[in-house]
């Protein structure tokens, strides 16, 4: 059974107003898990002191809990622990900027609030998932959430080698998993979109230094792999976008534009549409077609009016065309936007992470429906 | 003449549609001039040593556009209100020397109000990873305002300077930009080569005060001349783009030996600069137009004017 937003809101209201005793300030992990299991996921998740816990401490405590309660021998109990772990690490890292990737804790250990923990917890959660038997309703959103969480943590290696083999063994025909597999392979071959040393900066991948020509051979291979997914309607638009981006990286402007145009024919997803137009604008700009560049940037900006990188590109072109009032207005609006939106292109880098909130909500709903809560 | 000057500033140096013509003024109203198709305005600073040269007329100037001598239609030297945009690009990282150099410049710059007149406006543009700009109130401390701004990681010098350049200034005002920077930029969206192009399209005059330079010392970003080329090359590129942008507007580059003195001199220089207006003749419109200004008078003068302008096809 799927969970809509109203159901989730209702559940939250019920949970918050239910006569559950107020927890102490610092709860142990098992108590937090009990709260989570009781449907009070909000307080359960917030009760974890994520900055004081390392990933190892967190996951080993969860393992102790599952063994102690007998849940370890039950797929449902292990799935509950996996869901809780994913929810905790996702919540703990929402306020952590990506620049925290470069702040290594002593001894190389890092806390749950460090974004590197996303990949590690996703791997742990994947190992808790059933490996045999019929696929449960809970499994799909759990696998998808773990994929998105690992992508948010830029954990391509862990995804490719540890998570996706397990996930695809269970859901071999799931288009998003297959796309994630191709994307992880491409990341490993081509390098990340955002070089690690640049990840903490406002680094637009649409810059020459982010388009290394050395990867041309690997790009062709990645495009071939992606083309195999074009027949999957669920991901076809994103596949077009990713192929277009790879064509852009090897500076084949007409091929890139054709892909970006195809995106608009295959989806109404504003993120994909805006990203396609943003990149199309950049390609037109490189090709010297400023009118088309401006038109494409305008379409993208209509969908994401405060995107700084996009607004800056458009503003500069308008200024060169002496449309100065609008040039300044667009730029000023974007620069003053708070919180600062991430670049559209992070939708490519972080893949399915933008869906994680929804999948985790579905997981909670399924847990409730199956009487885990 | 004053009216013409105001319109010249309104139109800027770039091409505006319409033809220059004196309109029939309704009874009781002053005659006004309409913008012309190809009016170009050029800020020109003329000094002998450190002293501005005043009292010049149109016949004292020779102006060429792509090598073709032009007739200067109008010349003004008038104390009109200034919009001063002070761009402060912050040092990246925790390097003590860089921060000390930056705050020395900032403390000096905070006294800039002494050089401003009643109707002038002061706008502060603070640049790190984020870019924030606003006009300060008369009593507002520049120093306090700057310190409020949250530290970011990365510095967007190119984007920040473009933001300053793009500031829309009313027709009856002139725009002066003074940037205190080291040119170190790793996080701008715009490519470095874009800045000179954008500057060439601007009506503003950009001066740059470097509180650190690549290769000269290590206060800029904490790296010295033995740092690896991957670090120094982008720094040098950023520095060079900023220098070229300043030159294209008719501004200049300064070293921050005494930021306050630099700033006062820059403002005074700007106030005493001439605005020449001419209609390009005998030169094809599209493309880059190189402007050269000389004096017909004998003697040694320091003449600074914008390097040219670009006309899109």
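Counting Cβ atoms of other protein chains within 10 Å of each residue's Cβ and taking the mean over peptide A:329-342 gives 3. Per-residue packing, averaged as other Cβ atoms within 10 Å, sorts the ranges A:228-236, B:188-196, A:144-152 into the order A:144-152, B:188-196, A:228-236, beginning with the highest. Mean projection of the Cα convex hull over all viewing directions, computed for region A:134-180: 2.9 nm².
Relative protection proxy for A:345-355, A:113-123, A:58-68, from highest mean packing down: A:113-123, A:345-355, A:58-68 (other beta-carbon atoms within 10 angstrom).
Taking region A:305-373 on its own, what percent of its Cα-Cα pair distances exceed 20 Å? Here the tail beyond 20 Å accounts for 53 percent of pairs. Only Cα pairs under 8 Å and 6+ residues apart enter the sum, and on that basis the relative contact order of region A:279-349 stands at 26 percent. Protection proxy ranking for A:239-250, A:124-135, using the average of other Cβ atoms within 10 Å per residue and placing the highest first: A:239-250, A:124-135. Counting only other chain Cβ atoms within 10 Å of each residue's Cβ, the peptide B:126-135 averages 3. Subtracting the Cα-Cα distance of residue A:63 and residue A:132 from 0.36 nm times their residue separation leaves 22.8 nm of extension gain. Per-residue mean of foreign Cβ neighbours for B:186-193 is 6 (Cβ atoms of other chains, 10 Å radius). Spatially, region A:245-278 and region A:165-194 are offset by 20 Å when compared through their Cα centroids.
Each reported figure results from applying straightforward, stated rules to the coordinates on display, with no laboratory input. Values in this document were obtained by computation on a predicted structure and should not be read as measured data. So basically every Cβ, Gly included, is an ideal-geometry build from the backbone, and we count neighbours across all protein chains shown.
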